[in-house]
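The values are calculated or read from the model by the stated rules, or taken from the named source; none is laboratory data. Given the structure is predicted, the values throughout are model-derived calculations rather than measurements. All Cβ positions, glycine included, derive from the backbone under ideal geometry; neighbour counts span all protein chains shown. We work out accessible area using only protein heavy atoms, side chains counted, and drop any ligands, DNA or RNA first. Shrake-Rupley method; radii C 1.70, N 1.55, O 1.52, S 1.80 Å.
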Amino acid sequence: MKGVLKIGRVSGIKIEVHWTFTLLLIWVAFLEIQKGSDLNRILLNEALILVLFVCVILHELGHALTAKKFGVKTKNILLLPIGGVATLEKMPEKPAQELWIALAGPAVNVVIAILLLLVVPVRSYFNFDSIVLEEMLYEPTLQNFLFYLFIANVMLVVFNLIPAFPMDGGRVLRALLSFKLGRVSATNIAASIGQGLAIIFFVLGLFFNPFLILIALFIFLGAYGENQMVKQGDLLEGHVVKEATLTNITRLRPSNNLQEVIDILLAGTEKDFVVIENEKILGILTQKDIIKHAKTPSVLVGDIMQRKFKTVDVTTEIMKVLQSIRKEESDFYPVVENGQLVGAIDTTNISEFILLKTASK
């Protein structure tokens with residue numbers, strides 16, 4: 001992914017930082033400069049942000065490592081200005097497993113807060129009036145730093161347990177409701193609550209803090225996306241690739257030149273192609289490959305095709321293909337039956353299949 005810096009691996013899980021994270025550091029420094037803060041104060045806040053995001057990584061690792069115990073792999077953990085995202089290959093169907101995975105993240109922050117509570121005299125901060133406390137907290141000391149970190153972890157727990165997707169609280173609520181109502185109905189209820197909260201946050205953001213508007217959009221879209229994904233999964237249950245396979249496809253040969261492919265591309269609706277020779281699949285040629293080499297139309301397909309690809313059997317569940325698309329970032333697969341090419345399947349075909357099934361209900 002462009003704009004992402006890989007900073008390491010933990011238990012085989014990639015830890016990455018999106019470039020926009022630097023904007024948060026710049027924004028925090030800008031606010032402190034506006035207040036007239038000295039260098040020590042600015043550095044304290046920058047350090048607090050960095051250490052806090054270490055806590056966020058640990059939070060996401062809590063999800064990922066718990067998911068791993070249930071056989072669910074994590075593709076990566078990505079740090080964004082608004083927090084971290086652990087990309088799981090899938091969420092377990094069993095409510096109890098999802099409940100444990102969802103609670104594991106906030107539990108990490110609870111442990112961190114308890115450890116900080118052992119070394120920071122938190123109660124003493126509440127023994128002063130507001131003016132003295134404000135002056136005391138302004139001092140760039142290690143004790144204040146740890147106090148801020150304690151408060152931040154408590155806030156992470158509270159914020160993440162808001163019953164709204166994509167926060168952990170939304171998944172906890174969905175898991176609890178699933179015990180009685182089933183996954184689809186539980187998701188619909190949890191998503192509706194999440195979108196309702198998002199609207200409240202949006203209104204509050206208009207009057208008090210514009211950052212709440214960003215959070216509101218994040219919650220609303222996350223809730224909508226989760227609900228749609230679960231509905232699709234339910235709709236596709238029991239359906240296999242053969243039902244959604246595009247059989248009327250152009251079979252390219254390695255000896256075709258790119259101009260021939262461009263003519264086919266412009267004349268029809270196909271954008272990705274399978275390359276075969278002697279009934280054997282040699283590779284695939286995607287729209288991205290065609291555009292990349294468009295300046296050299298005389299180049300042969302065999303020289304630019306992707307030789308690393310995966311095929312899917314006609315008996316494969318469509319939902320598994322969707323999971324592969326999300327995991328491997330490839331949305332085009334040759335479809336085979338008894339080892340022979342019978343067609344192809346991509347996200348467009350799957351989307352059309354979903355629309356037709358939805359309309360027929």
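For the listed residue pairs Lys14/Lys69; Lys288/Lys308; Lys288/Lys310; Lys14/Lys288; Lys14/Lys310; Lys68/Lys242, the alpha carbons are over 20 angstrom apart in Lys14/Lys288; Lys14/Lys310; Lys68/Lys242. In terms of its alpha-carbon gyration tensor, region 186-270 comes out oblate; a/c meets the 1.5 threshold, while b/c is at least as large as a/b.
Based on the Cβ-Cβ distance from Thr141 to Phe208, what FRET efficiency comes out when R0 is 41 Å, to the nearest 0.05? Computed FRET efficiency for Thr141 and Phe208 comes out at 0.85.
Based on alpha-carbon atoms, the Kirkwood radius and the radius of gyration of region 251-361 give Rg/Rh equal to 1.00. Could you go through region 310-324 in sequence order and give the Karplus-derived ³J(HN,Hα) for each residue, using 6.51 cos²θ - 1.76 cosθ + 1.60 with θ = phi - 60°, rounded to whole Hz, and x for Gly and Pro? Rounded to whole hertz, the list is 10, 9, 10, 7, 4, 8, 5, 5, 4, 4, 5, 5, 4, 5, 5. Taking the charge dipole of the chain about its Cα centre, with +1 at Lys and Arg Cβ atoms and -1 at Asp and Glu Cβ atoms, the residue from Gly36, Phe218, Val335 reaching farthest to the positive side is Val335.
Here the simple spin-label model places points 7 Å from the Cα toward Cβ, and for Leu23 and Glu46 these points are separated by 2.0 nm. Remark: region 182-301 carries a charge dipole of roughly 200 debye about the Cα centre, counting +1 on each Lys and Arg Cβ and -1 on each Asp and Glu Cβ. Enclosing the Cα atoms of the chain in their convex hull gives a volume equal to 196 cubic angstrom per residue.
Radius of gyration over Kirkwood radius for region 320-361, both on Cα atoms: the Rg/Rh ratio is 1.05. Computed over protein heavy atoms with a 1.4 Å probe, the carbon and sulfur contribution to the accessible area of the chain reaches 63%.
Measuring between their Cα centroids, region 233-289 and region 316-359 lie 12 Å from each other.
Charged side chains reduced to their Cβ positions (Lys and Arg at +1, Asp and Glu at -1) give the chain a dipole of some 640 debye around its Cα centre. Restriction of the GluC sites (Glu not before Pro) in region 197-283 to DSSP coil positions whose beta-carbon has at most 14 other beta-carbons within 10 angstrom yields Glu237, Glu279. Given the DSSP H assignment, sum -39500 (n - 2.57) over each helix run of at least 4 residues in the chain and divide by its residue total; what's the result at 222 nm in deg cm²/dmol, nearest 500? Taking each H run of at least 4 residues, the total per residue is -19500 deg cm²/dmol.
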